[in-house]
Amino acid sequence: MKNIKNISVIGLGLIGGSLAIALKNIKKDIIVTGFDRDPESVSIALYRKIIDIAAGSYKEAVTDADLVIIATPVRLIADIAFEIKDHLKPDTIVTDVGSAKLNIVEKINKIFPKGVIFIGGHPMAGSENEGVLSAKSDLFLNAYYILTPTDTTRSEALVSLHNLFTKIGAKVITVSPVEHDKIVALISHLPHILSTNLVALVDNKQKSIKNLFKLCAGGFRDMTRIAASNPKMWVDISLENKEEIINSIDDYIDFLKRFRESLTTNNEEYIREHYDSAKEARLNLPKYIDKDISKLYEVRVEMSDIKGVLSEITLAISSAGVNIEDISIFHSTEILGRGILKILVHGENAGAISKEALEKLGHQASIKKVIGEDE
């Protein structure tokens, strides 16, 4: 596993600043260098001891870095990758925090020279507050942190990044860039678009209906809270993931049309089933979030040291709907180029599901419960 000591964070806002201080606090020998095009943000980060070193340029920030985190708005990520590409040492790991992945991963993999490793990242964390002044070390505690490796991602780099972000308290999972963009379009991007459009609709209607905004109650306020988020950021996100957002909007429109038709035809049964099923799904949501330690399983896989094997294995497990909690590799001292991959997974029947997914790809896997009898 790669020993990461020198970390560079480019973009010292809420996410970048919080990552910097969280990673700096892992152990004393980690040195965090920060750079931001806003000198005031750099000064604040240095004053608050969020970073150890303030860089004056991209080159200065990344020259000796083992890990570079690009924590800027999504529209700038590829441009910054181009700025730093000639100043990275071989085997440097680069990641980002963008909330759309496929376009970024494809662009950056074409930009970086051979030897530099890019692994897309997306921490599912945030705050209503912005900027480095709001940065805090526990922002990622129990938050999902998504990594999006490809079939060419080096195993050692992925394990290093996975373990590093696990140490700051995040629940690290791996999915493909394509699957990531489909997921966030539905659970993050579409809700924001629905929220902003509902506000726009009511704002338009208030021109002809007096006191409309004055009478807006809890339901409207709850659903539209996120409409007050940074508009510039959401313009970038919407354009970066537009294909999947369009697909999600089309699917949502189909559901609305179905509901509209049920009202038109007085289909009381459909309406009742709609509300009942939605209520049940929403009440069951905590079941998918809360962790039950009795559902932790250890999956062991014999793995050859071939580029892309780890990504194949982790993507197979994640695509089967299983959460990966931790990853470690034990290299064989007897057989050159082989080792044992140990993966900690969580969920109902997670061990059996993982094993089945791996065996479909031709991998031999053994599983056991972390607490309880071996399976």
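Throughout, read-outs are computed from the coordinates displayed, never taken from laboratory work. Not measured: the values here are computed from a predicted model. All Cβ positions, glycine included, derive from the backbone under ideal geometry; neighbour counts span all protein chains shown.
Here the extension length gained between E106 and A200 equals 30.4 nm, from 0.36 nm per residue of separation less the Cα-Cα distance.
Helix-derived [θ] at 222 nm for the chain: sum -39500 (n - 2.57) over DSSP H runs of at least 4, divide by residue count, nearest 500? Before the final figure, lay out the partial values.
Details: 15 runs with 162 residues, N = 375.
The helix contribution divided over the chain gives -13000 deg cm²/dmol.
Once you've got the Cα coordinates, tell me which of K49/K167; K136/K167; K59/K182; K279/K369; K5/K342; K28/K136 are over 26 Å apart. Present the calculation step by step, with values, prior to reporting the outcome.
Working: K49/K167 19 Å; K136/K167 15 Å; K59/K182 35 Å; K279/K369 33 Å; K5/K342 24 Å; K28/K136 18 Å.
Among K49/K167; K136/K167; K59/K182; K279/K369; K5/K342; K28/K136, the Cα-Cα distance tops 26 Å for K59/K182; K279/K369.
If Lys and Arg each add +1 and Asp and Glu each add -1, what is the summed charge of the other residues whose beta carbon sits under 10 Å from the beta carbon of G11? Don't skip to the answer; put the middle values down first.
Working: positive: R37; negative: D36, D38, D96.
So the environment of G11 carries a net charge of -2.
Each of H346, L256, T63 was scored by the projection of its Cα onto the charge dipole of the chain, and the greatest displacement toward the positive side belongs to T63; charges sit on the C-beta of Lys, Arg, Asp and Glu. Express in whole angstrom the spacing between the alpha-carbon centres of region 137-198 and region 1-75. That distance is 20 Å.
Helix check for the chain. Which DSSP H runs span at least 27 Å along their own axis by Cα, with a mean Kyte-Doolittle hydropathy no less than 0.0? Mind showing how you got there, number by number?
Numbers: long enough: 242-264 (32 Å, -0.60).
Long hydrophobic helices here: none detected.
Of the labelled figures [x] 20.1, 62; [y] 21.4, 64; [z] 22.8, 80, only one reflects Rg and Dmax of the Cα atoms in Å as derived from the coordinates, namely [z].
Quick check: from the Cα gyration tensor, does region 6-175 come out rounded (a/c under 1.5), prolate or oblate? Write out the running numbers ahead of the final one.
Values: a/c = 1.44, a/b = 1.17, b/c = 1.22.
Because its axes are fairly even, with a/c under 1.5, region 6-175 counts as rounded.
Determine the relative contact order of region 180-287: mean sequence separation of Cα pairs under 8 Å and six or more apart, normalised by residue count, in whole percent.
Once divided by the residue count of region 180-287, the mean separation gives 32 percent.
Only lysines eight or more places from K232 in sequence, or on another chain, were considered; those with a Cα closer than 16 Å are K242.
The alpha-carbon of K368 sits under 17 angstrom from the alpha-carbons of these aspartates and glutamates, leaving out residues fewer than 8 places away in its chain: D292, E298, E302, E325, D326, E348, E356, E359.
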